[in-house]
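The values are calculated or read from the model by the stated rules, or taken from the named source; none is laboratory data. Since the model is a prediction, treat every value here as computed from it, not as a measurement. As a convention, Cβ positions derive from the backbone with ideal geometry for all residues, glycine included, and neighbour counts pool all protein chains shown.
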Amino acid sequence: MQKMQGFSFKELFITLSVLVLFGLLAYPAYQNFSRRLVYADILKSTEPYKLSIVECYKKNKGLKECDSGKNQIAKNIFEIGPIESLTVTDGIITVIPKEQSGILHSDNYILTPIVKDGELQWIASGKAITNAYAS
């Protein structure tokens, strides 16, 4: 009858090394995923402002007076959900995120309305776009 033996140190070490390697490869992807989730909430919060700015543009035939708190555009947002601040000036929406999930205040998101054929189109910019947290 053979004596039962457990795993050798070498086998355990190789298994543990493979698991650590998988963890190291998965962690950055998880961080990026969690940042994108935060920005999904931020993008949703800009939608009502975009609609209000379109109405302001149609009413005033321009974007000059399309600011927060004017022409039926909601007031600025401060410290709500993942947003540190959301402001609108001349139709340009600027979002500064709260620092969380590896996102910094400098990872801003800016939506700029461009008039094309009498309609507004939105151009997204800012460090959130550069870092691929938002599109």
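What is the one condition in (1) of a type in the set (S, T, N, Q); (2) at pLDDT below 90; (3) more than 17 Å from ASP41 (Cβ to Cβ) that GLN100 does not satisfy?
Single failed check for GLN100: (3).
Tell me which residues, restricted to the range 71-82, are outside any strand (DSSP E or B) and either touching a helix residue (DSSP H, G or I) at 6+ places or on another chain (Cβ under 7 Å) or closer than 26 Å to PHE33 by Cα (or both). Walk me through it before giving the result.
Let us first name the residues in the range 71-82 that are outside any strand (DSSP E or B), namely 71-76, 81-82.
Matches in the range 71-82: ASN71, GLN72, ILE73, ALA74, GLY81, PRO82.
Could you grab me the full set of residues in the range 77-135 that are of a type in the set (D, E, K, R) and free of Cβ contacts under 8 Å to residues at least 24 places away in the same chain?
The first filter runs over the range 77-135 and keeps only residues of a type in the set (D, E, K, R), leaving 79, 84, 90, 98-99, 107, 116-117, 119, 127.
Passing the criteria: GLU79, GLU84, LYS98, GLU99, LYS116, ASP117, GLU119, LYS127.
Any idea how many residues of the range 89-125 are surrounded by fewer than 20 Cβ atoms within 10 Å (Cβ to Cβ) and part of a loop (DSSP other than H, G, I, E, B)?
11
Mind checking which residues of the range 51-65 are surrounded by fewer than 16 Cβ atoms within 10 Å (Cβ to Cβ) and outside any loop (DSSP other than H, G, I, E, B)?
LEU51, GLU55, LYS58, LYS59, ASN60 - these are the residues of the range 51-65 that are surrounded by fewer than 16 Cβ atoms within 10 Å (Cβ to Cβ) and outside any loop (DSSP other than H, G, I, E, B).
What are the residues in the range 126-135 that are among the β-branched types (Val, Ile, Thr) and either assigned to a strand (DSSP E or B) or more than 27 Å from GLY62 (Cβ to Cβ) (or both), if any? Full working, then the answer.
Applying the first criterion (among the β-branched types (Val, Ile, Thr)) to the range 126-135 yields 129-130.
Correct list: THR130 only.
Within the range 29-42, which residues are of a type in the set (Ser, Thr, Tyr) and either surrounded by fewer than 12 Cβ atoms within 10 Å (Cβ to Cβ) or closer than 22 Å to SER68 by Cβ (or both)?
TYR30, TYR39
Name the pairs whose Cβ atoms lie under 6 Å apart, with the first residue in the range 52-67 and closer than 16 Å to THR89 by Cβ and of a type in the set (Phe, Trp, Tyr), the second surrounded by 14 or more Cβ atoms within 10 Å (Cβ to Cβ) and modelled with pLDDT of 90 or more, and 6 or more positions between them or separate chains?
Correct list of pairs: TYR57/LEU63; TYR57/LEU120.
Taking the options SER45, SER85, SER17, SER68, name whichever one is surrounded by 11 or more Cβ atoms within 10 Å (Cβ to Cβ), modelled with pLDDT of 90 or more, small (Gly, Ala, Ser) and assigned to a helix (DSSP H, G or I).
Only one candidate qualifies: SER45.
Could you please let me know if SER101 is of a type in the set (Ser, Thr, Tyr), under 18 Å from the mean Cα position of the chain (by Cα) and farther than 19 Å from PRO48 by Cα? Before you say what the answer is, go through the steps one by one.
Working: of a type in the set (Ser, Thr, Tyr): yes; under 18 Å from the mean Cα position of the chain (by Cα): yes; farther than 19 Å from PRO48 by Cα: yes.
When the stated conditions are applied, SER101 passes them.
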